[in-house]
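Asker: Could you have a look at this structure, given as structure tokens, before my questions?
The values are calculated or read from the model by the stated rules, or taken from the named source; none is laboratory data. Keep in mind the model is a prediction, meaning the values are calculated, not measured. Neighbour counts run over all protein chains shown; Cβ positions are idealised from the backbone, glycine included. Heavy atoms of the whole protein, side chains included, go into the accessibility calculation; ligands, DNA and RNA do not. Shrake-Rupley method; radii C 1.70, N 1.55, O 1.52, S 1.80 Å.
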Amino acid sequence: MSIARWPRAWVTGAGRGIGAALAEALARDGVIVYASARNREELDALAERCSTLAGSIVPMPLDITQKSDIEAALNGFDKEGWPELVVLNAGTYQPFSAQAFDEESFQRQIDVNVNGTMRCLAPVLQRFTSQDHGHIAVMASVAGYRGLPTASAYGASKAALINMCESLRLDLRGTGVKLQLINPGFVRTPLTDKNTHDMPALLEPEDAADRIVRGLSGDGFEITFPKRFTYWLKLFRILPYRWYFALVGRATKSGRSS
Ligand SMILES: NC(=O)c1ccc[n+]([C@@H]2O[C@H](COP(=O)([O-])OP(=O)(O)OC[C@H]3O[C@@H](n4cnc5c(N)ncnc54)[C@H](OP(=O)(O)O)[C@@H]3O)[C@@H](O)[C@H]2O)c1
């Protein structure tokens, strides 16, 4: 498959997990990928792993909670040329129950997942709308569809991203800027390794990355997978609360998410 329409891409959260697999899949297809995360060693290792591929990985370490880091990175784009594709994938997940409600963790998850994504998105939107061209994909999660046990912070952050993308998609109608939303089910990564509950239809990151690349090449707004799992959650989204809580409560038994 040729994806030459993105000679360059910027992927955040590319040090490991889904972002690293996505960066590698894009590099395999000949894309020059600017790969961001805080951990420089993971980015260097990714660049090394991809050194024989058709494209390449350019490590661009930054912390999405630091506006100055993002500004420095974007200054680099101003000098060297902007990527045609931006995938805002960086995110964090810390489950806690109502009984152990953790205000600091809540704030941290909102600051990385929502504000961090927004800090990257704002200058990208400004650039892409002024040139009337560009492709943005935002990583949310099916955990943002409805409330799940122990995910009050993570789910709220992902729900915010879903709603934000719906709004932006409408605003961008008729422009040359394409905006997509990525809502995966469970993918085996360091982020989900901390889960002790069942993870139905768990995918490997390479499989998730291939599905994302296919979705990015298409015209759909939402890239969601695996559908055998995420379509059930879509159905749950339209259930009245009474049925929703009964079904999810039964599926997650002791009050944990599945
Ligand atoms: N795995 C799943 O089942 C699943 C399902 C749905 C959605 N998602 C979403 O997919 C995205 C990637 O998840 P993953 O499972 O691949 O997670 P992961 O393995 O934990 O990787 C997260 C990546 O984000 C980076 N990151 C975290 N905080 C950052 C910060 N402040 N600034 C810059 N980079 C930061 C991490 O690097 P550093 O720590 O070095 O910064 C890492 O490269 C997340 O947004 C997650 O919510 C995952």
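Asker: Cα to Cα, under 13 Å, and not fewer than 8 places away if on the same chain: which aspartates and glutamates meet these conditions relative to LYS67?
Answerer: The qualifying aspartates and glutamates are ASP111.
Asker: Using a Gaussian network model of the chain whose springs link C-alpha atoms within less than 10 Å, name the residue from LEU170, LEU22, LEU181 with the highest mean-square fluctuation.
Answerer: LEU170
Asker: Which parts of the range 129-164 would a label at ASP198 reach, counting a residue when its backbone N lies under 20 Å from a point 7 Å out along Cα-to-Cβ?
Answerer: Only 142-143, 146-151 fall inside the zone, counting backbone N under 20 Å.
Asker: With springs connecting C-alpha atoms under 10 Å apart, model the chain as a Gaussian network and identify which of GLY15, GLY176, GLY147 has the largest mean-square fluctuation.
Answerer: Comparing GLY15, GLY176, GLY147 in the GNM, the peak value goes to GLY176.
Asker: Another question about this same structure. Can you send over the carbon and sulfur percentage of the accessible area for the chain, probe radius 1.4 Å, protein chains only?
Answerer: 52 percent
Asker: I want to verify the translational diffusion coefficient of the chain in µm²/s; compute it with Stokes-Einstein, Rh as the Kirkwood radius over Cα pairs, at 25 °C and 0.890 mPa s.
Answerer: Result for D is 131 µm²/s.
Asker: Which lysines, on any chain, are close to LYS234 with Cα under 26 Å apart, when same-chain ones fewer than 8 places away are left out?
Answerer: Correct list for LYS234: LYS158, LYS178, LYS194, LYS253.
Asker: Now for a separate question. If a helix is a whole DSSP H run, which ones in the chain reach 27 Å or further along their own axis (Cα) and hold a mean Kyte-Doolittle hydropathy of at least -0.5?
Answerer: Once both thresholds are applied, what remains is 152-171.
Asker: Continuing with this model, one more query. Probe 1.4 Å, all protein chains in place: accessible area of ARG40 in Å², nearest 10?
Answerer: 110 Å²
Asker: Quick check: residue separation of LEU168 and ASP219 times 0.36 nm, minus the Cα distance between them. What number comes out in nm?
Answerer: This chain segment gains 16.8 nm when fully extended.
Asker: Ok, one more. On average, how much accessible surface per residue is there in the chain, in Å², for a 1.4 Å probe, leaving out ligands, DNA and RNA?
Answerer: In whole numbers, the chain has 48 Å² accessible per residue.
Asker: Something else: Given R₀ = 25 Å, what would the calculated FRET efficiency be for TYR244 paired with ASN115, taking r from the Cβ atoms and rounding to 0.05?
Answerer: 0.30
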